[in-house]
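Data block below; observations after.
The values are calculated or read from the model by the stated rules, or taken from the named source; none is laboratory data. As the structure is a computational prediction, the values presented were derived from the model and not from experiment. All Cβ positions, glycine included, derive from the backbone under ideal geometry; neighbour counts span all protein chains shown. Side chains are part of the model used for accessible areas, which takes the heavy atoms of the whole protein and leaves out ligands, DNA and RNA. Shrake-Rupley method; radii C 1.70, N 1.55, O 1.52, S 1.80 Å.
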Amino acid sequence: MSAKWPRGMMALAALPCAIFVTAAPAAEPMPSVFTFARAKHGVWRLAAITSVNGPDDREPTLSQITCTIATNGVHILLTRSGRGHVDIRGHAGSNDDGRDYGVLNVERLAIGATAYRTKRVEFGHAEDHFSDVRYAIPENERIMTSSFIGYLAVQRRAGAPWLNLDTLLDEMIAAPNMTIGYRVSHDGVANRSHRESTTVLLRGLSEAVTWCARQFQSPEAFRLHAAHLPDPWHDEP
């Protein structure tokens, strides 16, 4: 004897069956760079960063580990291989008074009691182009992020060689301060200008460099974090 379904159940059985599948959440975009540690030591903002190779369709590999040490006027980039890059840039007044200083207008420098002459060393063409190769996009039509390609060089005394500012990192670590002399133009007119100077305290820089050295050995540097964080050069820890 066949079992009888209740009338309501038979009506339900006659309805078409729809299966609802919840869509899997979209995968997090793989970061090309992530900041795995931050700190603040005195006037210095510190950030340890891992850069990633192959965030597209390949298995990711570690590109490099770097550490930034920044304050208004001095930005330092250290690499795990022991290299350091020093960048002089900052602002001496309010945001709209045009008193920015950097490689383009710095004229003199003193680290502690030692004075240095400065000059800009500019490359004649893009660093990655050969002068005798015809490229698909001519160099003068390439989109440049800066009108200056080069570095700030320093000279200790007349006749001494001009060296990259990066070579003075050891002197900066040992000195209490750095005085930066620069020229401020009036209303953007080069021949209407005056000289100014500002002092950057270097106290605590040695401890900041030591902090970076510890981060280079941290296991966190080798973990692929999911979050992509802003540019640490401009980010407040």
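A few remarks follow.
- Here each label is just a point 7 Å from Cα along the line to Cβ, and for Glu122 and Thr199 those points are 3.3 nm apart.
- Under-5 Å amide H pairs with Gly42, H placed in peptide plane, nonlocal only: none
- Heavy-atom accessible surface of Tyr151, to the nearest 10 Å², is about 70 Å², with a 1.4 Å probe and all protein chains retained.
- Projected label distance in nm at Val133 and Arg108, using a 7 Å step from Cα toward the beta-carbon: 4.4
- Cα→Cβ-extended label distance, 7 Å offset, between Arg156 and Asn177, nm: 2.3
- The heavy atoms of Lys40 present about 130 square angstrom of accessible area, all protein chains included, probe 1.4 Å.
- For the stretch 107-120, 3J(HN,Hα) per residue [Karplus equation, 6.51 cos²θ - 1.76 cosθ + 1.60, θ = phi - 60°, Hz, x = Gly/Pro]: 10, 8, 8, 9, 10, x, 9, 9, 9, 9, 7, 10, 7, 8
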